[in-house]
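S.K.: Please find one structure pasted underneath; my questions will follow.
Nothing in this text is a laboratory measurement; each read-out follows from the coordinates by a stated rule. Just so we're clear, the structure is a prediction, and the values are computed from it rather than from any experiment. For neighbour counting, all protein chains shown are included, and Cβ atoms are generated from backbone atoms with ideal geometry for every residue, glycine included.
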Amino acid sequence: MNYHLPPEEKLALLQEADLRRKWHSLDDRRVCVLCDRTITGRQIEVIPDAAGVITLRCPTEGCPALPSDWFYQGSAISAHRDPSGRPDEVSFLWK
């Protein structure tokens, strides 16, 4: 059973549960490596058990993926950077 939370609480849960990746909004996208589906924070299921422990799950039916199985779509930086602001070339010193 999916438990519905206010958006700010769900975002806080995602930020706390996903120790490897940052969640800036519920519209952030991740790719589930178990079912190969692109998901957003809004789609992730919040499932409390009888003891009140909350589990976050992939929304794909039957997929057992947890936050550790969700990876950035594209690069970690590209999701929050304006592509028009990219430099045309990169300079560096080679020794």
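S.K.: Can you tell which of Q73, Q15 is surrounded by 12 or more Cβ atoms within 10 Å (Cβ to Cβ), of a type outside the set (A, V, I, L, M, F, W, C) and touching a Phe, Trp or Tyr at 6+ places or on another chain (Cβ under 6 Å)?
M.R.: Working: Q73 fails: touching a Phe, Trp or Tyr at 6+ places or on another chain (Cβ under 6 Å).
Going through Q73, Q15 in turn, just one is surrounded by 12 or more Cβ atoms within 10 Å (Cβ to Cβ), of a type outside the set (A, V, I, L, M, F, W, C) and touching a Phe, Trp or Tyr at 6+ places or on another chain (Cβ under 6 Å): Q15.
S.K.: I'd like the full set of residues that are assigned to a strand (DSSP E or B) and in contact (Cβ under 8 Å) with a residue 12 or more places away in the chain, limited to the stretch 51-69. Walk me through how you get there before you give the answer.
M.R.: Residues of the stretch 51-69 that are assigned to a strand (DSSP E or B), as a first pass: 54-57.
Residues satisfying the conditions are I54, L56, R57.
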